[in-house]
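The values are calculated or read from the model by the stated rules, or taken from the named source; none is laboratory data. Values in this document were obtained by computation on a predicted structure and should not be read as measured data. A quick note on method: Cβ atoms are made from the backbone with ideal geometry, for glycine too, and the neighbour counts reach across all protein chains shown.
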Ligand code: PGA
């Protein structure tokens, strides 16, 4: 199980330290890790290395991923960060295609596919976000949207596999109408996504599904089903260390 905190454009050094202090000194992280549960934190670029050092100094076994990266390899792309730079900072993976990237920064399904190829060749684990808007759900277009967003990426993943790259890919189903709204999808919707991926792209594709969108300690238990979901991508609730502990206690029990 992968439990990912997407901090978005939040959390300064002081806030990161306070967050980790709230989780530190707890043996339970090792117990949860031994059960196959991992907490992965996604800070903004400038804090990737700082966060790694801070986790190490508190003996906290958390993974670190970036929230985005550039589709190009290197060169004259002012303001961008490359896959090689993330690797250099010991980052293990990267969120790609988040709906906020699509909505505010013009990322297309094509760009997301390019980025996934780039991430895989650099040895980064991609977590690819997809999901429909409210309007797309109301007009009954969900399956078409999911296929359109996942299809080009899955093609690239297959190509990388043919080239010998065996890094797993995670898919974060994040309906746009559920992000930051307090509304979540239900288990029936999540099951429909899982079976759509299975039917359309095969079992290998459906084997790394996460859910994101207003997950918190109250909603999380009702959303989880073993075999269907392999983790969660959490924004607002995981800005707070106490909430992280509450969600973990709910799902995995207090060791
Ligand atoms: P939320 O954000 O948990 O605040 O809804 C999730 C996300 O955007 O990844």
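Determine whether residue 171 is in contact with a helix residue (DSSP H, G or I) (Cβ under 7 Å, 6 or more places away or on another chain), within 16 Å of the ligand (Cβ to nearest atom), closer than 20 Å to residue 5 by Cα and part of a helix (DSSP H, G or I).
Working: in contact with a helix residue (DSSP H, G or I) (Cβ under 7 Å, 6 or more places away or on another chain): yes; within 16 Å of the ligand (Cβ to nearest atom): yes; closer than 20 Å to residue 5 by Cα: yes; part of a helix (DSSP H, G or I): no.
No, not satisfied.
Between 161, 156, 148, the distinction of being surrounded by 18 or more Cβ atoms within 10 Å (Cβ to Cβ) and away from the ligand (no atom under 15 Å from the Cβ) belongs to 156 only. Just one of the listed residues (85, 69) is more than 16 Å from the ligand (Cβ to nearest atom), within 14 Å of the chain's Cα centre (by Cα) and farther than 30 Å from residue 28 by Cα, namely 69.
Residue pairs whose Cβ atoms lie under 7 Å apart, separated by 6 or more positions or on different chains, with the first residue in segment 229-241 and without any contact (Cβ under 8 Å) to a residue 24 or more places away in the chain and the second in a loop (DSSP other than H, G, I, E, B) and near the ligand (Cβ under 6 Å from one of its atoms), are 237/215. Filtering 103, 149 for residues that are under 24 Å from residue 45 (Cβ atoms) and in contact with a helix residue (DSSP H, G or I) (Cβ under 9 Å, 6 or more places away or on another chain) leaves a single hit, 103. Sort out which residues of segment 217-241 are within 12 Å of the ligand (Cβ to nearest atom), closer than 22 Å to residue 94 by Cα and out of contact with any strand residue (DSSP E or B) (no Cβ under 9 Å at 6 or more places or on another chain), and write them in order of number. Of everything in segment 217-241, those that are within 12 Å of the ligand (Cβ to nearest atom), closer than 22 Å to residue 94 by Cα and out of contact with any strand residue (DSSP E or B) (no Cβ under 9 Å at 6 or more places or on another chain) turn out to be 236, 240.
Would you confirm, using the coordinates I've provided, whether residue 214 is in contact with a strand residue (DSSP E or B) (Cβ under 6 Å, 6 or more places away or on another chain) and either in a helix (DSSP H, G or I) or within 16 Å of the ligand (Cβ to nearest atom) (or both)? Can you show your working first?
Values: in contact with a strand residue (DSSP E or B) (Cβ under 6 Å, 6 or more places away or on another chain): no; either in a helix (DSSP H, G or I) or within 16 Å of the ligand (Cβ to nearest atom) (or both): yes.
In short, no.
Among the residues of segment 164-195, the one identified as buried (at least 16 other Cβ atoms within 10 Å of the Cβ) and more than 28 Å from residue 236 (Cα to Cα) is 167. The requirement of being in contact (Cβ under 8 Å) with a residue 40 or more places away in the chain and closer than 16 Å to residue 116 by Cβ is satisfied by residue 165.
Quick one: would you say residue 37 is farther than 27 Å from residue 243 by Cβ and in contact with a strand residue (DSSP E or B) (Cβ under 8 Å, 6 or more places away or on another chain)? So residue 37 fails the test. Scanning segment 9-40 for residues that are assigned to a loop (DSSP other than H, G, I, E, B) and farther than 30 Å from residue 227 by Cβ, we see that the one that is modelled with the lowest pLDDT is 25.
Matching residues to (1) surrounded by fewer than 19 Cβ atoms within 10 Å (Cβ to Cβ); (2) within 23 Å of residue 185 (Cβ to Cβ); (3) without any contact (Cβ under 8 Å) to a residue 60 or more places away in the chain:
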residue	(1), (2), (3)
59	yes, no, yes
67	no, yes, no
85	yes, no, yes
92	yes, no, yes
96	no, yes, yes
107	no, yes, yes
112	no, yes, yes
121	yes, no, yes
